[in-house]
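The values are calculated or read from the model by the stated rules, or taken from the named source; none is laboratory data. Everything quoted here is computed from the prediction, not taken from an experiment. Counting neighbours? That spans all protein chains shown, and the Cβs are built from the backbone with ideal geometry, glycine included.
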Amino acid sequence: MCSDLDRTPRTLLVCDRSSFLDEKNRVSPQVEKLHFNHKVSVLLPGCSFTPSKLDLVMNTFSSFYLIKKLPVHELLDPGLQGAINQGVVYGLSFGTRIDEDTCVALMPKGHLVLSLDKDSYERLGVEGKPSRFNHRTCSRFVVSVDLTDSSMAPGGRGHTRLLTGLRSHLQLQTDFLLSHHPEGGASLQPLLSRYDWSKHEPEVSCRHLTDLTCPDFRSCDCHSLLEWFGAVEADISCESSSSSFLSSFTCPQPNDVLSHALSVSICGLLLPHDVQRLIQELRLARSHKHTFT
């Protein structure tokens with residue numbers, strides 16, 4: 001076992017119980033904080049097919065682009081600045097590891113975040129903070145820049161300093177995922193036209209489940225429910241003995257058996273506003289007496 005596992009960044013799981021039908025619950029505000037989502041899964045107990053309106057929402061998630069070897073200084077291009085100021089652009093470096101590689105993220109509020117090793121950080125010459133992924137020594141740093149700040153306007157002091165660091169000192173390139181709100185009116189074509197890119201659609205997959213052991217949601221605690229849902233999503237059997245060598249997981253008690261259910265997943269670069277549309281459709285379906293997880 002890796003000796004560094006006991007020094008991984010601390011995490012905290014917070015569970016909140018509220019009525020899903022209440023539009024003022026904390027689900028929507030939490031989703032807005034999750035800028036980059038890879039996968040969303042929905043379990044439809046008692047369903048053998050996806051309801052038509054729900055299927056429409058799932059198949060109309062925003063597309064995204066993979067740009068090969070994008071120079072990071074291109075994210076400061078004046079042609080992209082209008083879209084960034086509108087808060088409709090999302091971007092994330094592709095195929096990088098946050099604890100080892102140089103990583104880049106473009107937040108919808110206009111913040112550009114760079115995760116750099118010590119050498120790259122010093123060459124960039126822009127102030128940052130130590131990364132939470134440091135272990136014994138301070139070897140990684142995070143630089144966060146508000147591109148909507150007045151100093152970051154083209155020709156401004158902050159803009160010139162960062163552009164010089166990225167273009168001349170660091171010369172950073174990365175494969176980059178990019179997406180945006182189509183209704184925002186912004187276009188990514190000027191940027192895309194200069195590089196090798198491919199367009200991708202979120203992938204929707206369905207699994208039909210039979211004789212599914214399901215806990216009683218009213219009596220099951222949040223941690224056990226999440227663990228059970230993760231096991232269903234990962235296709236892990238809940239029928240094993242607690243002393244089994246392969247898997248000791250069993251379905252929480254009390255439980256029941258569902259004759260059939262449908263597990264639906266969406267994978268890709270999923271934007272918060274699309275996840276919000278999905279939640280709203282689930283809320284409408286729930287008001288018609290369907291039960292979803």
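So, in the range 191-206, exactly how many residues are surrounded by 11 or more Cβ atoms within 10 Å (Cβ to Cβ) and more than 22 Å from the chain's Cα centre (by Cα)?
5
Report, ordered by the first and then the second residue, all pairs with beta carbons closer than 7 Å, sequence separation of six or more or different chains, a first member in the range 121-149 that is in contact (Cβ under 8 Å) with a residue 12 or more places away in the chain, and a second member that is polar (S, T, N, Q) and assigned to a loop (DSSP other than H, G, I, E, B).
Arg140/Ser131; Arg140/Asn134; Phe141/Ser131; Val142/Ser131
Of all residues being polar (S, T, N, Q), surrounded by 12 or more Cβ atoms within 10 Å (Cβ to Cβ) and more than 15 Å from Leu226 (Cβ to Cβ) in the range 10-47, which is modelled with the lowest pLDDT? Just the residue, please. Step through it out loud before you land on a result.
Step one: of the range 10-47, the residues polar (S, T, N, Q) are 11, 18-19, 25, 28, 30, 37, 41.
Okay, now just the ones that are also surrounded by 12 or more Cβ atoms within 10 Å (Cβ to Cβ), so 25, 28, 30, 37, 41.
Those still in the list that are more than 15 Å from Leu226 (Cβ to Cβ) too: 25, 28, 37.
On the way: Asn25: 78, Ser28: 81, Asn37: 93.
Applying the filter and picking the extreme gives Asn25.
Condition first: hydrophobic (A, V, I, L, M, F, W, C) and touching a helix residue (DSSP H, G or I) at 6+ places or on another chain (Cβ under 7 Å). Now tell me which residues in the range 43-57 satisfy that. Let's see the steps before the verdict.
Residues of the range 43-57 hydrophobic (A, V, I, L, M, F, W, C): 43-44, 47, 49, 54, 56-57.
Across the range 43-57, the qualifying residues are Leu43, Leu54, Val57.
Which is at pLDDT below 90, farther than 23 Å from Phe20 by Cβ and acidic (Asp, Glu), of Asp216, Asp235? Step through it out loud before you land on a result.
Details: Asp216 fails: farther than 23 Å from Phe20 by Cβ.
After ruling out the rest, the residue left standing is Asp235.
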